[in-house]
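Before any comments, here is the structure.
The values are calculated or read from the model by the stated rules, or taken from the named source; none is laboratory data. Just so we're clear, the structure is a prediction, and the values are computed from it rather than from any experiment. Cβ atoms come from the backbone with ideal geometry, glycine included; neighbour counts cover every protein chain shown. When the accessible area is computed, the model is the full protein with side chains, heavy atoms only, and any ligands, DNA or RNA have been set aside. Shrake-Rupley method; radii C 1.70, N 1.55, O 1.52, S 1.80 Å.
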Amino acid sequence: MVQPRRLAPPLPFAQQVAIFSRLASANPQPVTELEFSNPFTLVVAVALSAQATDVGVNKATRGLFAIADTPQKMLDLGLEGVTEHIKTIGLFRQKAKNVIALSRILVEEFGGEVPDSRAALMRLPGVGRKTANVVLNSAFGHPAQAVDTHIFRVGNRTRIAPGRDVDEVERAIEDNVPARFQDNAHHWLILHGRYICQARRPRCAVCPIYDLCPYEEKTA
């Protein structure tokens, strides 16, 4: 029987405070890089971002959201119209079907409004826990932690939030990151992973938490 990998312990409280204080000082008001105007357009943008870049999604959704920024308008646009707008995004055909299906559910079951409940959000086609957490955080101000590959890597590499899978990392953030930083924690971590603590060549020489990070394979 294969024993599960032992996790390194998370960083102690004082180190967590020091790290997030620096991240907050460098970027006091971090936000998602996806462009949206309301909770509905955020749901659609995040659902479209699976296996796609935020830059690519933003290019596709600018025209889409200009004419369809509510569930009913999206339904009025129809499957072919949605497909035409997002055809530059990976898996665009299935994603277009999901956008139409989730719009119909929002109209028929939620009065055209995006629910501020994780369980309700996860009933929408194309919306998983990560997407629901992004919406809860960025649209409704709930300190939900949306863990993607960047945050999973940073959480384990820095030991801010070690975990064997994304669910464990999410819980580790909630358990170990001081409450004062919870609202923005996932934004700081994803941006840190995207631009500094990159997968193949982490940019340790310009890392603002270089001296606080226990990662041994530093590149500087």
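Of the residues LEU91, LEU34, which single one is surrounded by fewer than 20 Cβ atoms within 10 Å (Cβ to Cβ) and either at positive phi or basic (Lys, Arg) (or both)?
Sole residue among the options that is surrounded by fewer than 20 Cβ atoms within 10 Å (Cβ to Cβ) and either at positive phi or basic (Lys, Arg) (or both): LEU91.
So ILE190 clears everything in (1) surrounded by 14 or more Cβ atoms within 10 Å (Cβ to Cβ); (2) more than 13 Å from LEU23 (Cβ to Cβ); (3) modelled with pLDDT of 95 or more except one condition, right? Which one?
Looking at each condition in turn, ILE190 falls short on (2).
Any idea which of (1) surrounded by fewer than 19 Cβ atoms within 10 Å (Cβ to Cβ); (2) part of a helix (DSSP H, G or I) is the one PHE152 doesn't satisfy?
PHE152 satisfies all of (1) surrounded by fewer than 19 Cβ atoms within 10 Å (Cβ to Cβ); (2) part of a helix (DSSP H, G or I) except (1).
May I ask you to list the residues in the stretch 60-72 that are open to solvent by 60 Å² or more (accessible area, probe 1.4 Å) and touching a Phe, Trp or Tyr at 6+ places or on another chain (Cβ under 9 Å)?
Selection gives nothing.
Can you go through GLN51, GLN29 and tell me which one is of a type in the set (S, T, N, Q), within 20 Å of ILE196 (Cα to Cα), open to solvent by 70 Å² or more (accessible area, probe 1.4 Å) and part of a loop (DSSP other than H, G, I, E, B)?
GLN29
Of a type in the set (S, T, N, Q) and within 14 Å of the chain's Cα centre (by Cα): which single residue out of ASN156, ASN137 fits that description?
From the options ASN156, ASN137, the qualifying one is ASN137.
Could you list, in sequence order, the residues of the stretch 62-112 that are over 23 Å from the mean Cα position of the chain (by Cα), within 20 Å of MET122 (Cα to Cα) and among the polar types (S, T, N, Q)?
The one that is over 23 Å from the mean Cα position of the chain (by Cα), within 20 Å of MET122 (Cα to Cα) and among the polar types (S, T, N, Q): GLN72.
Taking the options GLY155, GLY111, name whichever one is without any contact (Cβ under 8 Å) to a residue 60 or more places away in the chain and over 22 Å from LYS73 (Cα atoms).
Going through GLY155, GLY111 in turn, just one is without any contact (Cβ under 8 Å) to a residue 60 or more places away in the chain and over 22 Å from LYS73 (Cα atoms): GLY155.
With (1) open to solvent by less than 60 Å² (accessible area, probe 1.4 Å); (2) touching a helix residue (DSSP H, G or I) at 6+ places or on another chain (Cβ under 8 Å) as the list, and ARG157 as the residue in question, which single condition is left unmet?
Evaluating ARG157 over (1) open to solvent by less than 60 Å² (accessible area, probe 1.4 Å); (2) touching a helix residue (DSSP H, G or I) at 6+ places or on another chain (Cβ under 8 Å) leaves (2) as the failure.
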